[in-house]
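Peer 1: Supplied in structure tokens, the structure appears directly below.
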Amino acid sequence: MSMEISEPEPQHPKFALPVDSEHKATEFPLFSVAAPHMRAFHLSWISFFACFVSSFAAPPLIPVIRDNLNLTATDIGNAGIASVSGAVFARIAMGSACDLFGPRLASASLILLTAPAVYFTSYISSPISFLLVRFFTGFSLSTFVSTQFWMSSMFSAPVVGAANGFAGGWGNLGGGATQLIMPLVFSLIRDMGAVKFTAWRIAFFIPALFQTLSAFAVLLFGQDTPDGNFKRLNKSGDRPKDKFSQVFYHGVTNYRAWILALTYGYCFGVELTVDNIIAEYFYDRFNLKLHTAGIIAASFGLANLISRPAGGFISDAMAKRFGMRGRLWTLWVVQTLGGVLCIILGRVGSLNASIIVMIAFSLFVQAACGLTFGVVPFISRRSLGVVSGMTGGGGNVGAVLTQLIFFKGSRYSKETGITLMGIMMLCCTLPICLIYFPQWGGMFCGPSSKENATEEDYYSSEWNSKEKEKGFHHGSLKFADNSRGERGRRVGSAATPDRTSSMHV
Amino acid sequence: MATRAFLLTSLLLSCLLQICSGAYFSSLQRTLIVTASPKAGEVLKSGEDKITVTWGLNQSYPAGTDSAYKTVKVKLCYAPISQVDRAWRKTVDHLTKDKTCQHKIVSQPYKASNNSVEWTIEKDVPTATYFIRAYAYDAEDQEVAYGQTTDAHKTTNLFGIEAITGRHASLDIAAVCFSAFSVVSLCGFFWVEKRKSRVAK
């Protein structure tokens, strides 16, 4: 661990990690638990992991649940769509809540309020109640937004992609881990003497308890920003309390947020869809045992351990050399390759080739998710939560749409559905070309040479003159300063104030 | 290259053998007569009610028909109405892939007559409409004949079974308590935070 390099302001505590002018860490030592930065990282990925485990706890136990509740294939399909549709609006709401109340309170509240849905899964006895518990449990997937917001608040531009990637990836891991955990817990309980139709009900208490305890940990040990919690900072005047209407307005009027919402629907949305259909695909097409198909399904989700963080890491690495343009190009290339692999997956006919293509596909599609959240922190500073929420919500919309169009009923065989999904990925990734930052450029255009095309102008344009008079925009100015690295290697030639050179290593 | 070709051919052969080795339902003769205690339309409770099944060779067939029969397996099978929109209960002619009869009642060595068993319906049998079928197996454990309580179209003499819910009062209470605890503790946290900020002021 390196020496503390903090500003010469005696009232601010010294940090264990090197920080920038906003006290965001400029390094990301993965296995450290230093407060507040790394502690926030571990709290956020663990609580998000718990939510993923709960939301996808039903699929591996469907063979038992469908007999207990007398479900049809249509009931199961509808519940699967319901499980990802709740989070569409919940993610946008969560984004706003983070901007206003801070990620700590927003995420812990959501996790504790959705825990009852998981506990009550043990109570259900009809297809409708099954759909409802999956719908409400799925709301907890919006903790993704608070995770990304929290990481963007704790980590500085050079490492924010990696921090977001690891937090998101290790949380998404829950979707794969649950395919292994739930059947194991179920057999343990059954071996202890419970009947099948009771054992699965008891098994659901495990993810529910895990969820509750992780929320407590977030409340007890977490803090919103390196300087403290929102409430205290609001009171002391260090952080002006913002207005929901303004935060929301500046989020939804930023066209870049809408483009990323669409493209994220075709990397993360595709990932969610595959989580729901891949076990059945392998089971039916290659006549595997359910157990074997389940392991293959789990491996798709488990690839998140490295693939999504790799995406975030690559985003940061490209930004160092090529700036924001590098982040955008890499995102487009990786997601397009993911689409190509998806098309191939639907076309291969042998088991071994399918598994290899699926693993390659999982690496690219999940890396694209990590790369997306290397760009999101820079779209807006004032409305970071709303933008994260829109992007995250867009991911779920993609999952709902894709499952409705290609995987409901028997219109398309699963393999045709997968190929068509790949083609849709290629089309819906193209809009990334349209993203343009005046101060950094876009995929095909360089930065504007106009006078007012600077980071400060871009981020302070989110505040009106009255708010600027009161000094509300100072946080944005600091961020603008710290994001100058997004210009790429040309930073040295641009005129930068002396102050910055002492902050950046 | 040669080893690859060898592996590929042995894989293909074993697949073919698998497919060829299974019997087809349409090729089986219905030489057994099977009767069961549930009346048509009756609904039984799993875990409590019993089913008595009796089976034997149909004497109208020539002597020696049953010379190959070694064992008999009696199974509980889904009626067509319980297979609708449920691909995991699909009827397939190739018996190794057939999923119609998923619950085994009993397995016994073959006897031409005087076969009877009383079976308490197991607790993991789902709610559905059923009939009963008995398969006769030869020494290689391949199906060679069958008998069932319903007709060829599986429309007559069907009965229902009602499954256990699997729910228990203790589970329900635990769910309510833990849920209430989650919500109340959240409110508690908020209240403590508010008090702390009031004191700090």
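Peer 1: Being buried (at least 21 other Cβ atoms within 10 Å of the Cβ) and within 14 Å of chain A (Cβ to nearest Cβ) is the filter here; which residues of the stretch B:129-155 pass it?
Peer 2: Result: B:Y130, single match.
Peer 1: Taking B:V125, is it among the β-branched types (V, I, T) and out of contact with any Ser or Thr (no Cβ under 6 Å at 6 or more places or on another chain)?
Peer 2: On the way: among the β-branched types (V, I, T): yes; out of contact with any Ser or Thr (no Cβ under 6 Å at 6 or more places or on another chain): no.
No, not satisfied.
Peer 1: If you don't mind, another one. Determine whether A:A163 is part of a helix (DSSP H, G or I), more than 10 Å from every other protein chain (Cβ to nearest Cβ) and in contact (Cβ under 8 Å) with a residue 12 or more places away in the chain. It would help to see each step written out before you state the result.
Peer 2: Details: part of a helix (DSSP H, G or I): yes; more than 10 Å from every other protein chain (Cβ to nearest Cβ): yes; in contact (Cβ under 8 Å) with a residue 12 or more places away in the chain: yes.
Yes; evaluated as a whole, the condition is true for this residue.
Peer 1: For B:K99, work out the one condition from (1) more than 11 Å from chain A (Cβ to nearest Cβ); (2) touching a residue at least 60 places away in the same chain (Cβ under 8 Å); (3) part of a loop (DSSP other than H, G, I, E, B) it doesn't fulfil.
Peer 2: Only one criterion in (1) more than 11 Å from chain A (Cβ to nearest Cβ); (2) touching a residue at least 60 places away in the same chain (Cβ under 8 Å); (3) part of a loop (DSSP other than H, G, I, E, B) is unmet by B:K99, namely (2).
Peer 1: Related question: For B:D172, indicate whether it is within 8 Å of another protein chain (Cβ to nearest Cβ), touching a helix residue (DSSP H, G or I) at 6+ places or on another chain (Cβ under 6 Å) and assigned to a loop (DSSP other than H, G, I, E, B). Spell out the reasoning first.
Peer 2: Values: within 8 Å of another protein chain (Cβ to nearest Cβ): yes; touching a helix residue (DSSP H, G or I) at 6+ places or on another chain (Cβ under 6 Å): yes; assigned to a loop (DSSP other than H, G, I, E, B): no.
It is false that B:D172 is within 8 Å of another protein chain (Cβ to nearest Cβ), touching a helix residue (DSSP H, G or I) at 6+ places or on another chain (Cβ under 6 Å) and assigned to a loop (DSSP other than H, G, I, E, B).
Peer 1: Taking the residues in the stretch A:187-211 that are among the charged types (D, E, K, R) and within 7 Å of chain B (Cβ to nearest Cβ) as candidates, determine which candidate is surrounded by the fewest Cβ atoms within 10 Å (Cβ to Cβ).
Peer 2: First, the residues of the stretch A:187-211 that are among the charged types (D, E, K, R): A:190-191, A:196, A:201.
Filter again for within 7 Å of chain B (Cβ to nearest Cβ), leaving A:196, A:201.
Working: A:K196: 20, A:R201: 27.
Among those that are among the charged types (D, E, K, R) and within 7 Å of chain B (Cβ to nearest Cβ), it is A:K196.
Peer 1: Right, here's the next one. From the list A:V340, A:V333, which residue is surrounded by fewer than 24 Cβ atoms within 10 Å (Cβ to Cβ) and closer than 14 Å to A:L371 by Cβ? Let's see the steps before the verdict.
Peer 2: Numbers: A:V340 fails: closer than 14 Å to A:L371 by Cβ.
Unique residue meeting the criteria: A:V333.
Peer 1: Filter the stretch B:91-105 down to the residues that are exposed (fewer than 15 other Cβ atoms within 10 Å of the Cβ) and closer than 17 Å to B:V125 by Cα and list them by number. Don't jump to the end; show me each part of the working.
Peer 2: Let us first name the residues in the stretch B:91-105 that are exposed (fewer than 15 other Cβ atoms within 10 Å of the Cβ), namely B:92-94, B:96-97, B:104.
Residue satisfying the conditions is B:K104 alone.
Peer 1: In the stretch A:122-154, which residues are of a type in the set (G, A, S) and touching a Leu at 6+ places or on another chain (Cβ under 9 Å)? Even if it seems obvious, please write down each step before you answer.
Peer 2: Residues of the stretch A:122-154 of a type in the set (G, A, S): A:122, A:125-126, A:129, A:138, A:140, A:142, A:146, A:152-153.
Matches in the stretch A:122-154: A:S122, A:S125, A:S126, A:S129, A:S140, A:S142, A:S146, A:S152, A:S153.
Peer 1: Let me ask something else about it. Which helices (runs of 4 or more DSSP H) sit wholly inside the stretch A:66-140 and have at least 2 residues that are more than 12 Å from every other protein chain (Cβ to nearest Cβ) and over 27 Å from A:W150 (Cα atoms)? Steps first, answer last, please.
Peer 2: Values: elements: A:73-101, A:103-119, A:127-138.
Answer list for the stretch A:66-140: A:73-101, A:127-138.
Peer 1: Within the stretch A:364-374, identify whether any single residue is assigned to a helix (DSSP H, G or I) and closer than 27 Å to A:F244 by Cβ, and answer yes or no. Break it down stepwise before answering.
Peer 2: Step one: of the stretch A:364-374, the residues assigned to a helix (DSSP H, G or I) are A:364-374.
Subsequent filtering for residues that are closer than 27 Å to A:F244 by Cβ retains A:372-373.
Scanning the stretch A:364-374, I find at least one residue that is assigned to a helix (DSSP H, G or I) and closer than 27 Å to A:F244 by Cβ, so the answer is yes.
Peer 1: Restricting to the stretch A:212-237, name every residue that is within 14 Å of another protein chain (Cβ to nearest Cβ), more than 21 Å from B:S185 (Cβ to Cβ) and either modelled with pLDDT of 80 or more or part of a loop (DSSP other than H, G, I, E, B) (or both).
Peer 2: Within the stretch A:212-237, A:G228, A:G237 meet the criteria.
Peer 1: How many residues are at pLDDT 90 or above, under 26 Å from the mean Cα position of the chain (by Cα) and within 14 Å of chain B (Cβ to nearest Cβ) when one looks only at the stretch A:32-65?
Peer 2: Summing the residues that are at pLDDT 90 or above, under 26 Å from the mean Cα position of the chain (by Cα) and within 14 Å of chain B (Cβ to nearest Cβ) in the stretch A:32-65 gives 4.
Peer 1: Here are some conditions: (1) surrounded by fewer than 23 Cβ atoms within 10 Å (Cβ to Cβ); (2) within 29 Å of A:F52 (Cβ to Cβ); (3) more than 14 Å from chain B (Cβ to nearest Cβ). A:D284 meets all but one. Which one does it not meet?
Peer 2: It is condition (3) that A:D284 fails.
Peer 1: Turning to a different aspect of this structure: With respect to B:K111, determine if the residue is over 14 Å from B:T71 (Cα atoms), not in a strand (DSSP E or B) and not β-branched (V, I, T).
Peer 2: Spelling it out, it is not the case that B:K111 is over 14 Å from B:T71 (Cα atoms), not in a strand (DSSP E or B) and not β-branched (V, I, T).
Peer 1: In the stretch B:36-63, what residues are charged (D, E, K, R) and closer than 18 Å to B:T156 by Cα?
Peer 2: As a first pass, look at the stretch B:36-63 and keep what is charged (D, E, K, R): B:39, B:42, B:45, B:48-50.
Listed by number, the residues that qualify are B:K39, B:E42.
Peer 1: Scan the stretch A:35-49 and give yes if some residue there is among the hydrophobic types (A, V, I, L, M, F, W, C), over 21 Å from A:A217 (Cβ atoms) and assigned to a helix (DSSP H, G or I), otherwise no. Even if it seems obvious, please write down each step before you answer.
Peer 2: Kept after step one, since they are among the hydrophobic types (A, V, I, L, M, F, W, C), are these residues of the stretch A:35-49: A:35, A:38, A:40-41, A:43, A:45-46, A:48-49.
Now restrict to residues that are over 21 Å from A:A217 (Cβ atoms): none.
No, the conditions are met nowhere in the stretch A:35-49.
Peer 1: Looking only at residues that are among the small types (G, A, S) and more than 10 Å from chain A (Cβ to nearest Cβ) in the stretch B:156-169, which one is nearest to the chain's Cα centre (by Cα)?
Peer 2: Of everything passing the filter in the stretch B:156-169, B:G160 is nearest to the chain's Cα centre (by Cα).
Peer 1: When you scan the stretch A:369-376, do you find a residue that is touching a Leu at 6+ places or on another chain (Cβ under 8 Å), over 21 Å from A:L434 (Cβ atoms) and touching a residue at least 40 places away in the same chain (Cβ under 8 Å), even just one?
Peer 2: Step one: list which residues in the stretch A:369-376 are touching a Leu at 6+ places or on another chain (Cβ under 8 Å), which gives A:371-372, A:374-376.
Still in the running and over 21 Å from A:L434 (Cβ atoms): none.
No.
Peer 1: Still on this structure, please answer the following. When you look at B:D49, is it within 14 Å of chain A (Cβ to nearest Cβ), within 16 Å of B:I132 (Cα to Cα), surrounded by 15 or more Cβ atoms within 10 Å (Cβ to Cβ) and acidic (D, E), yes or no?
Peer 2: Details: within 14 Å of chain A (Cβ to nearest Cβ): no; within 16 Å of B:I132 (Cα to Cα): yes; surrounded by 15 or more Cβ atoms within 10 Å (Cβ to Cβ): yes; acidic (D, E): yes.
Criteria not met by B:D49.
Peer 1: While we're here: Confirm whether B:S116 is part of a strand (DSSP E or B) and free of Cβ contacts under 8 Å to residues at least 40 places away in the same chain. First the steps, then the outcome.
Peer 2: Details: part of a strand (DSSP E or B): yes; free of Cβ contacts under 8 Å to residues at least 40 places away in the same chain: no.
Judged against the criteria, B:S116 is not a match.
Peer 1: What are the residues in the stretch A:339-356 that are closer than 21 Å to A:Y412 by Cα and assigned to a helix (DSSP H, G or I), if any? Steps first, please.
Peer 2: Residues of the stretch A:339-356 that are closer than 21 Å to A:Y412 by Cα, as a first pass: A:339-351, A:354.
Selection gives A:G339, A:V340, A:L341, A:C342, A:I343, A:I344, A:L345, A:G346, A:R347, A:L351, A:S354.
The values are calculated or read from the model by the stated rules, or taken from the named source; none is laboratory data. What you see is a predicted model, and the numbers here were worked out from it, not measured in a lab. Cβ: placed from backbone, ideal geometry, glycine included. Neighbour counts: every protein chain shown.
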